[in-house]
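Trainee: Quick one: this structure, given as structure tokens, is what I'll be asking you about.
The values are calculated or read from the model by the stated rules, or taken from the named source; none is laboratory data. Just so it is clear, the model here is predicted, and its values are computed rather than measured. Here Cβ is always computed from backbone atoms with ideal geometry, including for glycine, and neighbour counts include all displayed protein chains. Keep in mind that these areas ignore ligands, DNA and RNA; they rest on the heavy atoms of the full protein, side chains included. Shrake-Rupley method; radii C 1.70, N 1.55, O 1.52, S 1.80 Å.
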Amino acid sequence: MRLDKLPFSTPATVVSVRWNDLTPSEAKRLRNLGLDEGVRVEALHGGLIGRDPLAIRIGRMMVAIRRSCAQTISVDTAA
Amino acid sequence: MTSIPMIAVVGNPNAGKSALFNKLTGAHQKVGNYPGVTVERKSGRLSLPDGRPAELVDLPGAYSLEASSPDEEVTRDVVIGRQQGERQPDAVLLVIDATNLDNHLRFALQVIALGLPTVVALNMVDLAARDGLTIDSGILARELGVPVIETVAVRRRGLDELREALGAAVGRPRQAQSHSMEDVVAAQRRARAIAGRAIVAETAKRRWSGRLDAVALHPVFGLFIFVAIMFIMFQAVFAWAKPPADFIGARFGDVETLVVATLPPGLLRSLLVDGVIKGVGAVIVFLPQILILFFFILLLESTGYMVRAAFLMDRLMASAGLSGHAFIPLLSSVACAVPGIMATRTIEDPKHRLTTILVAPLMTCSARIPVYGLIIAALIPARNIGYGIGLQGLVMFGLYVIGIVGALGAALVLRHTVTRGANQGFMMEMPKYQAPHLRDIVLGLWQRALIFLKRAGTIILVSTVILWALLSFPQAKPGENQLDVSVAGRLASGLEVIMRPVGFNHEISLALIPAMAAREVAVSALATAYSIQDEDEGRTTEALGNQLRGRWSLPTALAFLAWFVFAPQCLSTIAVTRRETNGWKWPAFMVGYLFILAYLAAGATFWLATLLGF
């Protein structure tokens, strides 16, 4: 499932990230904020129009990202 | 100086680094700049347990040694000993947020790998306990290979132990640098593994920060709350400031009465009364309003609401080709465009940053408060239009809204023309809410008050006295009007030819010239001009507001307000823009487009108001 489709308050694990679809600086910042394969994430809040931007929890930290960025992140709710 | 050891304080943003720095150094702080970059260098004196002094330097917060902003570059360059104008630290104090171990340990591992003697402050352990986390700092120290001290900076917990550990670290030799942690991904994975081992128990607890966000970041209620906070802020600027402003005004009145009573009429009395007391006094009465505004901004920043507001505003900013990142510099510009423009350094994309710099002067800064306040108090009736909302406060709010709409509109046009480029994303950490620390806010307000009074004592005093001289010489012969024969009057007559079509009179043209230095000088210039004119005509000088009520038409007053929404009349803003954009090209562009906008806006306002019969 893509992170932008993940229902709110449903913990999930990052399966893969299409790093190449992000600009190099975006990818670097996302890594610096702790996003990585295997990390626990959860969608917490979304903006008024089309849930954009999204507030997600990465590990223990809340981070705001745009929806377009969340689309590159695949998550799995099973683990 | 050079012989005392230097300790660098580093850590992720929001680790509580600055609070710890403040508690360790007390009031003995020095704020400067690194050469060549506009990053602040904050240093202070710390006494080690054996009595030796050490210099503590608070470095900008960083997520990683792979820097992605000028601030992070300075932090990296200092710790690797490559920063110009700074020696390599003798020891490093690494501050880590105990509630966010996985993330903060990554940067910590990178710094420790450099081999400098390091002490870790495991900060905010009280909040970690409240979140249900039990952390074994002994395991952490073993895994990291450096001493770990549990601290609660805001409650001074662990400070003595920290001093002890720093004293021991300072003498230790440097170890060889290890290159194993240079890759962010490797550092991150190791950080997660260590955090997993150090956190010995975790009980799930509902966090109040999250519950607050369920409302504050709600797509509908969140926006309501945001608008309400902004509205309360601007009503407060007007309502709360009145008693202290009246008090300050009355004291200047007392001094004036005293001077008039003691000195004989003549040039000296005119200089003191018309130049110094009237001119500077007219600006200083706005100190309470400016402090109330800064109080709200400091409060929003220190509680963590500011980044929530950036989140809520991202969509709106995106429609102007910007992002939520631009919100914080723009809201800071409501206090002053200079710190606002400096705050754009956190925006990574160069074109995005340039656009924000170019539109920041459109946000209504506190220097406009004296100008707006004067005109509104003089010409807008103090009526209550219901629900406790005053008409004057509403007009003030309207001027702020025009500034915001103007800034976003200008950004949109710029992003499609001179600063065209791909839209960069929006990505930022939203730290937990924090109770504001009254002491830090009071300290911040005190610094702002000093800056404002210093301006009043320098730029404003000097330009008012020069204007007084230009207005007083040559002296008018009987039958002549002093204002018309003076040097300033003649200059203004030249400018008036251009300004007359937008409804500006002779005195306004006159006030605009010295107000090039700073907007609030327009107020003191008007005060001085009318005061000299009164004396010339043998009338007792009246309060400036009453003067305007008698002499200005409403269309002229409204055009004057519209002019100051846009006009870039502030040398400090132009100077900081030159510094931040490395040249004269962009400040020149900014001044040009803003003056054109100001002229068009004043003209449109004047003619529309005249047509509507105001």
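Trainee: With a 1.4 Å probe and every protein chain left in place, work out the accessible area per residue of chain B in Å², rounded to a whole number.
Mentor: On the way: 25340 Å² over 614 residues.
Per-residue value: 41 Å².
Trainee: Further question: What percent do you get for the relative contact order of region B:147-273 when only Cα pairs under 8 Å and 6+ apart count? Before the final figure, lay out each step's value.
Mentor: Working: 26 pairs, mean separation 9.0, N = 127.
Computed over region B:147-273, the figure is 7 percent.
Trainee: Still on this model: Ignoring ligands, DNA and RNA, please state the percent of accessible area on region B:271-310 from carbon and sulfur, probe 1.4 Å. Provide the component values of the computation, followed by the final result.
Mentor: Numbers: 780 of 910 Å².
It is 86 percent, rounded to a whole number.
Trainee: Region A:18-48: which residues show an accessible-area loss of 50 Å² or more, assembly versus chain alone, 1.4 Å probe?
Mentor: Residues shielded by partner chains are A:K28, A:R29, A:R31, A:N32, A:L33, A:D36, A:H45, A:L48.
Trainee: From the protein chains alone at 1.4 Å, what is the descending order of accessible area for B:V111, A:V15, largest first?
Mentor: Details: B:V111 0, A:V15 80 Å².
My answer, sorted largest first, is A:V15, B:V111.
Trainee: Count charges around B:I139 for me, please; just the other residues with Cβ under 13 Å from its Cβ, Lys/Arg as +1, Asp/Glu as -1. Don't skip to the answer; put the middle values down first.
Mentor: Values: positive: B:R142, B:R197; negative: B:D136, B:E143, B:E150.
Net of charged neighbours comes to -1.
Trainee: Pop out the carbon and sulfur fraction of the accessible area of region B:370-520 as a percent, whole number, probe 1.4 Å. Before the final figure, lay out the partial values.
Mentor: On the way: 4950 of 7040 Å².
Solvent-exposed carbon and sulfur of region B:370-520 make up 70 percent of the total.
Trainee: Which is farthest toward the positive dipole end of the protein assembly as shown among B:I248, B:A153, B:Q569, measuring Cα position about the Cα centre, with Cβ charges +1 (Lys, Arg) and -1 (Asp, Glu)?
Mentor: Positive-most Cα among the choices belongs to B:A153.
Trainee: Here's another thing I want to ask about it. Can you list the residues of region B:406-449 that have at least 30 square angstrom less accessible area with all protein chains present than in their chain by itself, probe 1.4 Å?
Mentor: Those residues are B:Q424, B:G425, B:F426, B:M427, B:M428, B:E429, B:M430.
Trainee: At a probe radius of 1.4 Å, figure out the B/A buried accessible area, summed over both chains, and give it in Å² to the nearest 100. Mind dumping the intermediate values first?
Mentor: Numbers: alone 26870 and 4740 Å², together 28450 Å².
Summing both chains' loss of accessible area gives about 3200 Å².
Trainee: I've got another one for you. What average count of beta carbons from other chains do you get within 10 Å of the Cβ of residues in B:308-316? Don't skip to the answer; put the middle values down first.
Mentor: On the way: counts 4, 0, 2, 8, 5, 2, 5, 7, 3.
Per-residue shielding by partner chains comes out at 4.
Trainee: Could you give the Stokes-Einstein D for the protein assembly as shown in µm² per second, using the C-alpha Kirkwood radius, 25 °C, 0.890 mPa s? Walk me through the numbers before you get to the answer.
Mentor: Details: Rh = 27.7 Å.
The calculation lands on 89 µm²/s.
Trainee: Treating the angle as unsigned and between 0 and 90°, give the value, to the nearest 10°, between the Cα long axis of helix B:70-79 and the longest Cα principal axis of chain B.
Mentor: Once rounded, the angle reads 40 degrees.
Trainee: What trypsin sites (Lys or Arg not before Pro) does region B:299-398 have in DSSP loop regions with at most 12 other beta carbons within 10 Å?
Mentor: Details: sites: B:R308, B:R315, B:R345, B:K351, B:R353, B:R368, B:R383; in loops: B:R383.
Loop-located and lightly packed - B:R383.
Trainee: So how tilted is helix B:242-262 from the main axis of chain B? Cα-based, degrees 0 to 90, rounded to 10.
Mentor: For B:242-262 against chain B, the angle is about 50 degrees.
Trainee: Tell me which trypsin sites (Lys or Arg not before Pro) from region B:78-155 have a DSSP coil assignment and no more than 13 other beta carbons within 10 Å of their own. Write out the running numbers ahead of the final one.
Mentor: Details: sites: B:R82, B:R87, B:R106, B:R130, B:R142, B:R155; in loops: B:R82, B:R87.
Those satisfying the criteria are B:R82, B:R87.
Trainee: Considering every residue in B:95-107, what mean count of other chain Cβ atoms within 10 Å of its Cβ is obtained?
Mentor: 3
Trainee: Here is a follow-up. With Kirkwood's inverse mean 1/r over C-alpha pairs for Rh, give me the Rg to Rh ratio of chain B, two decimals please.
Mentor: Values: Rg = 27.7 Å, Rh = 26.9 Å.
Using Cα coordinates only, the ratio equals 1.03.
Trainee: What average number of partner chain Cβ atoms lie no more than 10 Å from the Cβ of the residues making up A:51-61? Walk me through the numbers before you get to the answer.
Mentor: On the way: counts 1, 4, 13, 2, 5, 1, 2, 3, 8, 13, 12.
Averaged over the peptide's residues, the number is 6.
Trainee: Suppose all protein chains stay in the model; what accessible area per residue would a 1.4 Å probe give for region A:28-79, in Å²?
Mentor: Here the per-residue accessible area is 31 Å².
Trainee: Sticking with this one: Evaluate the relative contact order of region B:312-391 (contact order divided by residue number), counting alpha-carbon pairs under 8 angstrom at least 6 apart; express in whole percent.
Mentor: Worked out over region B:312-391, it gives 22 percent.
Trainee: Helix B:554-566: angle to the longest alpha-carbon principal axis of chain B, degrees 0 to 90, nearest 10?
Mentor: 30 degrees
Trainee: Let me ask something else. Roughly how many whole Å is it from the C-alpha centroid of region B:151-197 to that of region B:418-468?
Mentor: Cα centroid to Cα centroid, the span is 33 Å.
Trainee: Just to be sure I follow the rule: in the protein assembly as shown, considering lysines 8 or more places apart or on different chains, how many pairs have Cα atoms under 23 Å apart?
Mentor: Lysine pairs satisfying the spacing and distance rule in the protein assembly as shown number 14.
Trainee: Determine the distance separating the Cα centre of region B:302-363 from the Cα centre of region A:1-40; give it in Å without decimals.
Mentor: Computed from Cα coordinates, the inter-centre distance equals 25 Å.
Trainee: Tell me the mean residue ellipticity at 222 nm calculated for chain B from its helices only (DSSP H runs of n ≥ 4, each -39500 (n - 2.57), averaged over every residue, nearest 500).
Mentor: Numbers: 29 runs with 354 residues, N = 614.
Value at 222 nm, helices only, nearest 500: -18000 deg cm²/dmol.
Trainee: What chymotrypsin sites (Phe, Trp or Tyr not before Pro) in region B:359-415 are in a loop by DSSP, with at most 15 other Cβ atoms within 10 Å of the Cβ? Walk me through the intermediate numbers first.
Mentor: Working: sites: B:Y372, B:Y387, B:F397, B:Y400; in loops: B:Y387.
Here the sparse-neighbourhood loop sites are B:Y387.
Trainee: A further question follows. If you take every DSSP beta bridge whose two residues both sit in the protein assembly as shown, what share of them, in percent to the nearest 5, is antiparallel? The partial results should precede the final answer.
Mentor: Working: 37 of 55 bridges.
Around 65 percent antiparallel, to the nearest 5.
Trainee: Right, something else. Ordering B:D50, B:D58 by how much accessible area each has at a 1.4 Å probe, largest first, what is the list?
Mentor: Numbers: B:D50 100, B:D58 15 Å².
In descending accessible area the options line up as B:D50, B:D58.
Trainee: Place the peptides B:88-99, B:179-190 in order of packing, highest mean first, counting for every residue the other Cβ atoms within 10 Å and averaging per peptide.
Mentor: Values: B:88-99: 24.5, B:179-190: 16.2.
Highest mean packing first, the order is B:88-99, B:179-190.
Trainee: Here is a follow-up. Just to verify a number: what accessible area does B:F473 come out at with the full protein assembly present, 1.4 Å probe, Å² rounded to tens?
Mentor: Counting only protein heavy atoms, B:F473 exposes about 80 Å² to solvent.
Trainee: Would you check the accessible area of B:L114, probe 1.4 Å, heavy atoms only, in square angstrom rounded to 10?
Mentor: 10 Å²
Trainee: Sort B:H416, A:H45, B:H437, B:H104 by accessible area with a 1.4 Å probe, largest first. Display every interim value, and only then the final one.
Mentor: Working: B:H416 125, A:H45 25, B:H437 70, B:H104 5 Å².
So, going from the largest accessible area down, we get B:H416, B:H437, A:H45, B:H104.
Trainee: Could you check which residue among A:A43, A:A12, A:A27 shows the biggest mean-square fluctuation in a GNM of chain A with a 10 Å Cα cutoff?
Mentor: In this elastic network of chain A, the residue with the biggest mean-square fluctuation among A:A43, A:A12, A:A27 is A:A27.
Trainee: Relative contact order for chain B: what percent, with Cα pairs under 8 Å and sequence separation of 6 or more? Don't skip to the answer; put the middle values down first.
Mentor: Numbers: 974 pairs, mean separation 66.1, N = 614.
Answer for chain B is 11 percent.
Trainee: Treating the beta-carbon of each Lys and Arg as +1 and of each Asp and Glu as -1, no other charges, what is the dipole magnitude of chain B about its Cα centre, to the nearest 20 debye?
Mentor: Values: 55 positive and 46 negative charges, 124 e Å.
Dipole about the Cα centre, nearest 20: 600 debye.
Trainee: Could you tell me the accessible area of A:M62 in Å² (1.4 Å probe, neighbours in place), rounded to the nearest ten?
Mentor: 20 Å²
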